[in-house]
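Written below as structure tokens is the structure these notes are about.
The values are calculated or read from the model by the stated rules, or taken from the named source; none is laboratory data. Quick caveat: nothing in here was measured; it's all calculated off a predicted structure. Virtual Cβ from ideal backbone geometry, glycine too; neighbours counted across all protein chains shown. The accessibility values were calculated without ligands, DNA or RNA, using every heavy atom of the protein model including side chains. Shrake-Rupley method; radii C 1.70, N 1.55, O 1.52, S 1.80 Å.
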Amino acid sequence: MRAWPASRCAGDITTLSALPKLAAKILITVLIGGFLGATLVRLAPGFGVDEEELDARLSHRSIQAMRDTQDGDGNLFIFYFRYLNRLLHGDLGNSQTLQRPVLQLVAERLPETLKSVALGLALGWSAGFLLAVAIVMSRAWYLDLAGSLLVGVLLCLPAAVLALLFVLAQAPSRLLLGLVVFPKIFRYSRNLLARSSALPHVLTARAKGLGNLHVLVWHILPTAAPQLLALLGVTVSVAFTASIPMEALCDMPGIGQLAWKAALGRDVALLVNLTMIVTLVTLVANSVSDMVGKSFLVSEA
């Protein structure tokens, strides 16, 4: 019967003991994020004004009925209390602008955003990490210079500007997230791999005549793995955040387009739910990668 190493068991115990604290932190942060999102919408200019009230065909009684339906949103604490009460029963409320249940809208739009994020991460990591590996292992200065210039140009361009360029060029919009993630992955990976390749045990392995692939797989990557896992969590949140302006500008049926419509219509119920979703995705991605990285460090110790 195979026995697990003590370090492996210690890493598993550390991971399990951190789960309750992690879950509590995520829950508290999401609740605070939702409340702050509701507060910002409530304090925004023009809150409570419905464009439908400008319709000359509506009677005074109809306009008053429309205003009465928004009275619950006027008081921030009452609105948020009602929202949390509905949330406990699996009801996210109804969108005022689209006249549909928020849960149904999110269920339709979220898969499209997740597809874009997954493709962007795959492209960004493939290009950024492989280029960093090629530069560190080959030690070619011209390759390093070309990569640094490309990354510098991409970092100077906001995601919204890149989205507009993609629209003008009629390029596939989903590739945009790869360009947003690529420079961050490349810069961090290159610095991390270069630092790891300068460690004494790596220099010793090279001096013994081991090949580049063997040195990379068995000596450099294990040392850099925890930091790379942390980088993965950061890039997930970066890609998810960048997908919002991308989908809004490129008119893609995702969470970003939904958030844009909700912001234009001052749709409190929809905006609060979208804020909660973005906060939850960011927290879970960062926390899981951090927890896995710490568990990896404990098991390697």
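Do you know which of the residues in the range 75-116 that are part of a helix (DSSP H, G or I) and polar (S, T, N, Q) is surrounded by the fewest Cβ atoms within 10 Å (Cβ to Cβ)?
ASN85
List the residue pairs whose Cβ atoms are under 7 Å apart, where the first residue sits in the range 263-279 and is more than 19 Å from GLY90 (Cβ to Cβ), the second is not in a helix (DSSP H, G or I), and the two are 6 or more positions apart or on different chains.
Taking only residues 6 or more apart or on different chains, the pairs are GLY265/GLN96; GLY265/THR97; ARG266/ALA44; ARG266/GLY46; ARG266/PHE47; ASP267/SER95; ASP267/GLN96; ASP267/THR97.
Which pairs turn up if I take residues in the range 154-183 that are farther than 14 Å from ALA242 by Cβ and look for partners that are among the small types (Gly, Ala, Ser) with beta carbon separation below 7 Å, at least 6 apart in sequence or on another chain?
Hits for this filter: zero, empty list.
Among the residues of the range 162-186, write down those that are more than 19 Å from the chain's Cα centre (by Cα) and in a helix (DSSP H, G or I). Spell out how you get there, then give the answer.
Within the range 162-186, the subset more than 19 Å from the chain's Cα centre (by Cα) is 164-172.
Answer for the range 162-186, where residues must be more than 19 Å from the chain's Cα centre (by Cα) and in a helix (DSSP H, G or I): LEU164, LEU165, PHE166, VAL167, LEU168, ALA169.
If LEU297 satisfies every condition in (1) touching a His at 6+ places or on another chain (Cβ under 8 Å); (2) modelled with pLDDT under 85 but one, which is the exception?
It fails just one condition, (1).
For the range 191-205, does any single residue satisfy the condition of being surrounded by fewer than 16 Cβ atoms within 10 Å (Cβ to Cβ), among the small types (Gly, Ala, Ser) and more than 18 Å from ALA225 (Cα to Cα)?
No, that holds for no residue.
Residues to consider are ALA242, ALA263, ALA248; find the one that is open to solvent by less than 20 Å² (accessible area, probe 1.4 Å) and either over 30 Å from LEU164 (Cα atoms) or part of a helix (DSSP H, G or I) (or both). Please lay out each step first, then the result.
Values: ALA263 fails: open to solvent by less than 20 Å² (accessible area, probe 1.4 Å); ALA248 fails: open to solvent by less than 20 Å² (accessible area, probe 1.4 Å).
Answer to the selection: ALA242.
Can you give me the number of residues within the range 117-146 that are under 17 Å from LEU213 (Cβ atoms) and either at pLDDT 90 or above or assigned to a helix (DSSP H, G or I) (or both)?
10
For residues that are exposed (fewer than 13 other Cβ atoms within 10 Å of the Cβ) and not hydroxyl-bearing (Ser, Thr, Tyr), tally how many sit in the range 141-154.
Number of matching residues: 5.
Name the single residue, out of those in the range 266-280 being open to solvent by 40 Å² or more (accessible area, probe 1.4 Å) and on the phi < 0 side of the Ramachandran plot, that is farthest from the chain's Cα centre (by Cα).
Step by step, filter the range 266-280, then rank; the result is THR275.
Quick one: how many residues across the range 242-262 are in contact (Cβ under 8 Å) with a residue 60 or more places away in the chain, touching a helix residue (DSSP H, G or I) at 6+ places or on another chain (Cβ under 6 Å) and under 14 Å from LEU98 (Cβ atoms)?
Residues that pass the stated criteria total 5.
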